[in-house]
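> Mind having a look at this structure? Questions to follow.
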Amino acid sequence: MEAQQHTASKDHATLADTFNRDEPRVDWHDKTLWFVRQKRDKAAWQIPEWEHLRETASQIKHNVLANLHHYLLSFEQQAQQNGVTVHWAANAEEHNQIVHSIIQKTGITRVVKSKSMLTEECHLNDYLQAQGIDVVDTDLGERIVQLANEPPSHIVLPCIHWKKEEIGELFHKHLGTPEGNSDPQFLTAAARVHLRERFMTSPIAITGVNFAIAETGEVVVCTNEGNADLGVQLSDVHIACMGIEKLIPERKHLGVFLRLLARSATGQPITTYSSHFRKPRPGQHMHIVLVDNGRSERLGSDDFRNALKCIRCGACMNTCPVYRRSGGHSYHYAIAGPIGSILAPALDMKKNADLPFASTLCGSCSNVCPVKIDIHDQLYKWRQVLAKDGYVGSTKKNGMKGMAFVLSHPRIYRISGSVGRWVSRHMPFLVSNSLNPWAKQREMPTAPKQSFGEWYRTNKRKA
Amino acid sequence: MKVAIFIPCYVDQFYPQVGIATLELLEKLGVSVFYPEKQTCCGQPMANSGFEHLATSCNDLFVENFSGYDYIVCPSGSCTLHIKDHLHASANEPAAEKIRSTVMELTEFLTDVLHIKNLTAHFPHKVGLHQSCHGQRGLHLSQMSELVSPGFSKPQHLLNLVQGLELIPLDRTDECCGFGGTFCVAEEAVSVKMGKDRIADHLHHGAEYITGGDMSCLMHLEGILRRQRSTTKVIHIAEILNAG
Ligand code: SF4
C-alpha cells in the first residue's frame, strides 16, 4: 500500500504535548469547541424525538450498508439516465487520476473546489497541484488553511484553531488587506472579493457529496456559504467526488439526515444551503466519482463496519475532551478526533497505531453521534487488533505480560503487594521512577501501611 | 442473599479505607458480605492497553473467585463495566456469564437492589460529584448530558440522603477527568490538562471535597490537587455514605 511508505512521524501524545505548552491557547480552543457542543445540545433538546431520530438514521444506514451493492448499481443507473458520467475509483490514487483526466481533457487549469473530506483523504489538492492545476478551496475556513499551507484541523470547522488576529495577518500577507485589521466582517468581505474573482474565472467546479440518493441518482451538498452552488452554477464541468458509503435509499430518507446533520454539527436547525444536483445544465458536463479506498474492506468487518455510517458532522470532535485539548493536527490524519481515530488505522495500521490510544474511552463521542456509531467501543477493539498484530511497543508488551502473570497468581500478588505496594511498581500508570510521567505534574498516592486484604485478614477473617 | 465484594487491585493496595467503608456500609445495611481472599484484578489494565488476550488467566481466576454469589458488588464503575463487558472464561463460560449479569457497582446496588431511601450518614461539607465515565456512560448510573432523556442520578440520590452534605453545581456535569488508565501516562499532557480543568470547575463552585464512584479518577485528581497544594480533598462515595 502506498500509504505504508510514510515514515513514522510524531505521534499524537508528542504533538499534543507541544500543543499544551501554550495553556491559555488550549483553554481558548477547548472553550470555543465546548460552545459548539452546547449549541448542539440546545438544538437537540428542541426535538423531543431526538433519540428516535438518531436511531432511525442509524437503521437507515444499516440498511444501506447491508445492501450497498444494490444501492450503488441503482444510483449509477439513475445518474447515467440523468446524463451524468459515473466513474469508479478503487483507491485514492485512482480517484486523483480520474479527476485529473477529466480536467486535462478540458485544457483548463483553474479549478474551484467546495468542501470535501474525501478529497482531503485522497490528498487531491497536492496531486493536482503537482500536475500544474491551480485549485482554490472556496469554503472560507478551507481557504484560510489552504493559504496557510496547512491541512484542516476539523472536518466542519477547518480553521477552528486559528484566532481572528492571525487570520487578519494571513490575509494581509496573501490578500493585501490592511495590516492589523482583524474584524471578522471585514475579513469575510475581503475573502468574498478574492473568491468571487476565482469563481468567475474557473470553469471547473469540484464538490464533495453529503448524501447520494439511490432512487434518483442525485447528490446533495450541504454548505453554509453557498459556495458549492456558486461554483457549480458558473462552471462548464462539475465533478462530484464521494465515498461509496454516502448513499441513502430514497429521497424521503433525506429529511432524517438533514434534521440531524446541522444540529449535530453546529446547532443550526439546518445548513443554509442543501443543494440537490441531479443533472447537468444544457451544455454542462457532470461527473460523479465513486471512491472505495478501503471502504469495502471495512464493510466486511463486523467490528468496524459501523464507522461507514458517519455523516461527517464533527459532533464527536466537539464533545471529545481530548480533541478539544490536543487540537486537530495532533491526529496527523485528514479526519481528526474520535472518528478519525477509528478510520485512520484501517488505512494504515503502522502509521496510525497511536490514534486509538489517544482516548480515555469516556464514550461521549458515541452519545452525540447522530448515526449512533459505537465509536469508543471501536477504539477499544482497534487497540486489541493493534496489540495482536504487533503495533504496540515491546516494552509495553513485556510490562503487560509481567502484570498479567502477577494478577493471575494471588499469592505472588499478595507477597509483592506487602513488599512495598506492588501496584506502585507495576501499574503502568504508577511505575514509580524518576521518568514516570505521572509525577511530572501530579503527586504519587502515598502507600498505606496495610492493604485492604491485609486489613481484612487481621480484622474480619472468620476462622 | 449471598453477596461478595470485589475490591479492585489499586483500591486494595492504595486506598484500603475505601474497601473498608464499602464493607462496613453494606454490613450496616444488613448485608452479609463475603470477601473472596484470592481476588486480584478485573484485567482492565491489560485489556485497555490492547492486551485482552493476555488477560485469560486473570479472567479464569476472577471466575473461580466469584462464582456462586447472588451479587458481586464493587466500589468502582470502571472495573464493574469491564467485568460486565469483557469477562469470559473458555473453561466455564456459563459461570462467567452469570458473573457478568450479577456484578454491580456499589451505588447501583444500593439504589436498585437494596432500594435505599434513608441513611444515617452525616457529612457536613460542600461536595462536588465527579461522574466517572464508565459508571455513567457505561453503566448508566445517571443521565448523560449528551442524550435527550429524563434526568436521574443514582450517586446523587444517595448523596442527597446524607445529613449536612451540600452538593455543589458544576459547569460541566459529566466531562471526563482524563485518567483513562494508561492514558494518564501515555498522554500525560492532555491527561493532566483535563484533570486541572475538572478541578477548576469544582474549586470555582467551592468544593471542599470531590467525590465519585471511582478511586482511579479520584487518585488522578488527588495527585493534581496535592501538587497544587490545594486544601480540597478527594473522597470515595462509599466513605461519605459510611460517615458518621
Ligand atoms: S462519527 Fe458520528 S459524530 Fe463523528 S463525525 Fe461521524 S457522524 Fe458525526
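The values are calculated or read from the model by the stated rules, or taken from the named source; none is laboratory data. What you are looking at is a predicted structure, and each value in this text was computed from that prediction instead of being measured. Heads up, the Cβs are rebuilt from the backbone with ideal geometry, glycines too, and the neighbour counts pull from every protein chain shown. In case anyone asks, the SASA skips ligands and DNA or RNA and just uses the protein heavy atoms, side chains included. Shrake-Rupley method; radii C 1.70, N 1.55, O 1.52, S 1.80 Å.
> Would you work out which of B:94, A:111, A:19 lies farthest towards the positive end of the dipole of the protein assembly as shown? Charges go on Cβ: Lys and Arg +1, Asp and Glu -1.
Of B:94, A:111, A:19, it is B:94.
> To the nearest 10 square angstrom, how much accessible area does residue A:258 have with a 1.4 angstrom probe?
Near enough 20 Å² of accessible area.
> A follow-up question, please. Name the aspartates and glutamates eligible as straight-distance cross-link partners of residue A:173: C-alpha to C-alpha under 16 Å, and not fewer than 8 places from it in the same chain.
A:150, A:165, A:183
> Here is a follow-up. Quick check on my link table: of A:397/B:196; A:252/A:372; A:39/A:163, which ones sit more than 22 Å apart, alpha carbon to alpha carbon?
Correct reply: A:397/B:196.
> Sticking with this one: Return one whole number: the accessible area per residue of chain B in Å², for a 1.4 Å probe.
Accessible surface, normalised per residue, equals 33 Å².
> For Cα pairs less than 8 Å apart in space and 6+ apart in sequence, what is the mean separation divided by the residue count of chain B, i.e. the relative contact order in percent?
20
> Where the accessible area of the protein assembly as shown is counted over protein heavy atoms with a 1.4 Å probe, how much of it, in %, is carbon and sulfur?
52
> Right, here's the next one. Cα extents of the stretch B:97-160 along the three principal axes, largest first, in whole Å?
41, 28, 19
> Which listed residue (A:335, B:75, A:207) has the Cα farthest towards the positive end of the charge dipole for the protein assembly as shown, taking +1 on Lys and Arg C-beta and -1 on Asp and Glu C-beta about the Cα centre?
B:75
> Counting Lys and Arg as +1 and Asp and Glu as -1, each charge on the Cβ, what is the dipole of the stretch A:287-416 about the Cα centre in debye, to the nearest 20?
The dipole magnitude comes to about 460 debye.
> For A:364, A:9, give the ranking by accessible area with the largest first, probe 1.4 Å.
A:9, A:364
> Hey, what number do you get for chain A at 222 nm if only DSSP H runs of n ≥ 4 count, each worth -39500 (n - 2.57), divided across all residues, to the nearest 500?
It comes out at -14500 deg cm²/dmol, rounded to the nearest 500.
> Let me ask you something else. After finding the eigenvalues of the alpha carbon gyration tensor for the protein assembly as shown, what semi-axes result from the square roots of 5 times each, listed largest first in whole Å?
50, 26, 24
> Output the peptides A:403-412, A:218-227 sorted from most to least packed, where packing is the average of other Cβ atoms within 10 Å over each peptide's residues.
A:218-227, A:403-412
> Averaged over every viewing direction, what's the projected area of the C-alpha convex hull for the stretch A:1-132? Give it in nm², one decimal, please.
13.7
> Starting from the exponent 0.38 and prefactor 2.2 Å, build the expected Rg for the stretch B:126-241 from its residue count and divide its actual Cα Rg by it.
Its radius of gyration relative to the 2.2 N^0.38 Å reference: 1.01.
> Then there's this: Where both residues lie in the protein assembly as shown, what percent of DSSP beta bridges are antiparallel, nearest 5?
If I count the DSSP bridges inside the protein assembly as shown, around 15 percent turn out antiparallel.
> A further question follows. Tell me the volume per residue, in Å³, of the convex hull enclosing the alpha carbons of the stretch A:180-269.
Spread over its residues, the Cα hull of the stretch A:180-269 gives 125 Å³ apiece.
> Here is a follow-up. Any idea which of A:458, A:256, A:441 is furthest toward the positive side of the dipole for chain A, if Lys and Arg beta-carbons carry +1 and Asp and Glu beta-carbons -1?
A:458
> I'd like the mean, over residues of A:360-371, of how many other protein chain beta carbons sit within 10 Å of each residue's own Cβ.
Mean partner shielding for this stretch: 6.
> Restricting to Cα pairs below 8 Å that are 6+ residues apart, what does the relative contact order work out to for chain A? Please round to a whole percent.
With pairs under 8 Å counted, the relative contact order is 21 percent.
> Okay, moving on. Using +1 on the beta carbon of Lys and Arg, -1 on that of Asp and Glu, and nothing else charged, what's the dipole of the stretch B:2-112 about the Cα centre, debye to 20?
Dipole about the Cα centre, nearest 20: 60 debye.
> Now, a different point. Report the charge-dipole magnitude of the protein assembly as shown in Debye, nearest 20, computed about the Cα centre from +1 at each Lys and Arg Cβ and -1 at each Asp and Glu Cβ.
Around 1040 debye, computed over the protein assembly as shown.
> A follow-up question, please. Heavy atoms only, 1.4 Å probe, whole protein assembly: order B:20, A:373 by accessible area, highest first.
The ranking, largest first, comes out as B:20, A:373.
> How large is the Rg to Rh ratio of the stretch A:12-296 when both quantities use alpha carbon positions and Rh follows Kirkwood?
Using only Cα positions, Rg/Rh for the stretch A:12-296 is 0.97.
> In the stretch B:1-156, what is the volume of the convex hull around the alpha carbon atoms, normalised per residue and reported in Å³?
Here the figure is 138 Å³ per residue.
> What does DSSP give for the stretch A:12-296 in terms of the percent of beta bridges that are antiparallel, rounded to the nearest 5?
25
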